[in-house]
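Here is the structure we will look at, set down as structure tokens.
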Amino acid sequence: MRGRTFHITAGVVFLVAGLFHIIRAVMSWTLTIQSFTFPVWFSYALGLFVLWLSYESFRTRKRKGHDN
């Protein structure tokens, strides 16, 4: 996979995951894995972090030297 394609793919995946976490937090959906229920604040924090990863992925794609 070429560098540009990788950064676009990673950016889109992170964007979708980040939006899911923010929507989950705003809608107060319950997230339970086995017997552990994740608090809503966790999705706010994780959502913002993953959206930042998406931003960085798209920004890195635009840097010089990553056009291959």
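Computed from the C-beta positions of T60 and Q34 and an R0 of 35 Å, the FRET efficiency is 0.45 to the nearest 0.05. Couplings 3J(HN,Hα) of segment 45-54, computed from phi: 5, 5, x, 5, 5, 5, 5, 5, 4, 4 Hz, in residue order, whole Hz [Karplus 6.51 cos²θ - 1.76 cosθ + 1.60, θ = phi - 60°; x for Gly and Pro]. Listed values for segment 9-26 are Karplus-derived 3J(HN,Hα) couplings in whole Hz (6.51 cos²θ - 1.76 cosθ + 1.60, θ = phi - 60°), namely 4, 4, x, 5, 4, 5, 4, 4, 5, x, 5, 4, 5, 5, 4, 4, 5, 5, and x replaces Gly and Pro. For L31, the residues whose amide H sits under 5 Å from its own are F38, ignoring neighbours fewer than 5 places away on the same chain, with H placed 1.01 Å from N.
Rule-based calculations on the coordinates, nothing more; no lab input. Computed from a predicted model, the values in this text were never measured in an experiment. We place every Cβ from the backbone using ideal geometry, glycine too, and count neighbours over all the protein chains shown.
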